[in-house]
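The values are calculated or read from the model by the stated rules, or taken from the named source; none is laboratory data. In this text, all values refer to a predicted model and were calculated from it rather than measured experimentally. Here the Cβ is made from the backbone with ideal geometry for all residues, glycine too, and neighbour counts use every protein chain on show.
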Amino acid sequence: MSKDTDLTLERTLNAPRDLVWRAWTTPEHLRKWWAPKPYETTEVEMDLRPGGKFRARMIGPDDFDTGDKGEGCFLEIVEGEKIVWTTALAGGWRPNAPDGEECGGLIFTAVLTFSDAGDGRTHYRVLAMHTTPEGAKAHADMGFHEGWGTCADQLGEVAATLKG
């Protein structure tokens, strides 16, 4: 990990790992938690395999709308344990524009890990790796910790409502 280009977030969620995984990897569940309230996720495209497309459309106050932007590519999937995706690529391993226009101007790779925390809880960790310190700072200034933290809490809440 690089302190200059990486951002991290960790949470212990009050739901078992298999349910947290299901809440993350099922579009109908992801729609419920992906955007920090009062924002909403209205569309999800998810081809959960290396090279598969990942896109979540968010809308919110003040006419905020990601539209078709925000497309990424899954790089690695370890069932129940790990998801790696990037905004540097689109589905099918296609490069996104160097300026990041297709992904909302933010190029990063996310490494998400899910592990048992005991007592039916899950340790959820996000590592967001950026190409430059400026990219990491821009993501932090956009509210990475607050936004992704809220979403992680919402992920735990949605997972806790699912049946094993």
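Being closer than 17 Å to His145 by Cα, in contact (Cβ under 8 Å) with a residue 24 or more places away in the chain and more than 12 Å from the chain's Cα centre (by Cα) narrows it down to one residue among Leu9, Leu13; which is it?
Values: Leu9 fails: more than 12 Å from the chain's Cα centre (by Cα).
The conditions single out Leu13.
Pull up the range 66-77, narrow it to residues that are at pLDDT 90 or above and over 24 Å from Arg121 (Cα atoms), then point me to the one that is surrounded by the most Cβ atoms within 10 Å (Cβ to Cβ).
Keep residues of the range 66-77 that are at pLDDT 90 or above, which gives 72-77.
From the residues that got through so far, the ones that are over 24 Å from Arg121 (Cα atoms) too are 72-75.
On the way: Gly72: 24, Cys73: 26, Phe74: 20, Leu75: 18.
Step by step, filter the range 66-77, then rank; the result is Cys73.
Take the residues of the range 138-150 that are surrounded by 14 or more Cβ atoms within 10 Å (Cβ to Cβ) and out of contact with any Leu (no Cβ under 9 Å at 6 or more places or on another chain): which is nearest to Met58 (Cα to Cα)?
Of everything passing the filter in the range 138-150, Gly147 is nearest to Met58 (Cα to Cα).
A quick yes/no check of all residues on (1) in contact with a helix residue (DSSP H, G or I) (Cβ under 9 Å, 6 or more places away or on another chain); (2) modelled with pLDDT under 90; (3) surrounded by fewer than 16 Cβ atoms within 10 Å (Cβ to Cβ):
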residue: Glu40; (1), (2), (3): yes, no, yes
residue: Phe64; (1), (2), (3): no, yes, yes
residue: Glu79; (1), (2), (3): yes, no, yes
residue: Gly92; (1), (2), (3): no, no, yes
residue: Asp99; (1), (2), (3): no, yes, yes
residue: Gly105; (1), (2), (3): yes, yes, yes
residue: Phe108; (1), (2), (3): yes, no, no
residue: Leu112; (1), (2), (3): yes, no, no
residue: Ala128; (1), (2), (3): yes, no, no
